[in-house]
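Laboratory data are not the source of any read-out in this text; all were calculated from the coordinates shown. Values in this document were obtained by computation on a predicted structure and should not be read as measured data. Here the Cβ positions follow ideal geometry from the backbone for every residue, glycine too, while neighbour counts run over all protein chains shown.
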Amino acid sequence: MRLSNFLRTHSAQILTAWDEFAATVAHEGRSLDQKALRDHAGQILTSIAEDLETPQSDAEQEEKSRGEGPRSASALDTAAETHADTRMVSGFAIDAMITEYRAMRASVIRLWTSAGGGRDHDNDMRDLIRFNEAMDQAIAESVARYTDQTKKSTDLFIGILGHDIRNPLGTISMSAHLLVRSGQLPAQAAEAIINSVVRIKQVIEHVVDFTRAQSDGIMPIAPQPGDLVTQFGKILEETRVRNPKTVLRLNSRGDFHGSWDEGRMGQLLSNLLANAISYGAPGEPVTVRMWESKDQVFFSVHNQGKAIPVKEREQIFKPLVRGVVLEQEERREPSGLGLGLFICQEIVRAHGGSMGVESDASTGTSFIVSLPRTAGTKVAALA
């Protein structure tokens, strides 16, 4: 029996095997009845049967094996794409959805051979190859749709964070300033409110940047010509206002004109300064040192204090990892999510630069950044 004919005449048996397997897939979504479990499996089988009966060149078969086969001009969504939509809404993870296809492939081959398939060696081997190519095409369509829907959900999440949370925080901060000016609130009480708003905004920015970097693969930047030492001077002044007890120093020598994303560069230095203040020794200065070459600029953020353990140095640039906070008097406990250094690294990577850390008990800790003068230009990695 030719495989395409088997798919049509034994679809009920194949779909029963699909139902049985789909019911065993663990997921966090709602429970599904037989109709929901089966959803578009029948249409997927029909489309594969039609594909097997359609003459194709070697080139067309190769494209289909890579998931790059042609789409029907009349179809808005393929059955595989719609299947991905329903599985995502139902709470299936993408790997669980792919496993369903693997189970279908195995079930079809097992049932077909049990029914006598495979005896006509030349034709059956050709059918089996075509069947696997069509399955690969369906998997590719489902994965592409699932990934696209995930990105859309991510963009929606970013939009909610960016609008629905930032705006109320701005209102809180503005109201605190107004209450101080009107004499209804002591400045000291308002300072605690405003600092809390700033910290919440930083957490939001970290989550947004982390989510965007995970979704897009690289941090989005908009480079503009500028002077990096001037930009850094502004960030140090802002940091001094928030941390009046910490001595911040900026040592620069040379020309620091180039093209970078000014906002991202400010975010980079601000995160590194916050890290140095949190983990540095109390009362010791935090120093930003800048130097340059013809095609690159370099800077480091240094603080005194206990060395970062070697094992921890290998982990600190990973997301959701926080360093060990030493219990010392007047130390500010980090309130973030462990995303700061990961975001710093992503900003540097988006500019085509590199970042590393050196830490020693006697000399302290330095985060060192190398950047090309023009964002995106490849530079040699730091040793």
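Observations
- Compactness check for region 106-244: Cα Rg over 2.2 N^0.38 Å is 2.02.
- If you take the Cα centroid of region 360-374 and the Cα centroid of region 93-116, the two points sit 53 Å apart.
- Residue order, fewest to most surrounding Cβ atoms within 10 angstrom, among Glu292, Glu191, Glu346: Glu191, Glu292, Glu346
- For region 3-152, the fraction of alpha-carbon pairs in successive 5 Å shells from zero, as %: 2, 9, 19, 23, 20, 15, 8, 3, 1, 0
- Sorted by Cβ density within 10 Å, fewest first, the residues Val247, Val180, Val297: Val247, Val180, Val297
- By the equivalent-ellipsoid construction on the alpha carbon gyration tensor, region 224-372 comes out with semi-axes of 24, 17, 14 Å, ordered largest to smallest.
- Residues in region 247-259 carry Karplus couplings, in order, of 7, 10, 10, 10, 10, 9, 8, x, 9, 10, 7, x, 10 Hz; the curve used is 6.51 cos²θ - 1.76 cosθ + 1.60 with θ = phi - 60°, and Gly or Pro positions show x.
- Residues Asp19, Asp122, Asp127, ranked from the fewest to the most other C-beta atoms within 10 Å, line up as Asp122, Asp19, Asp127.
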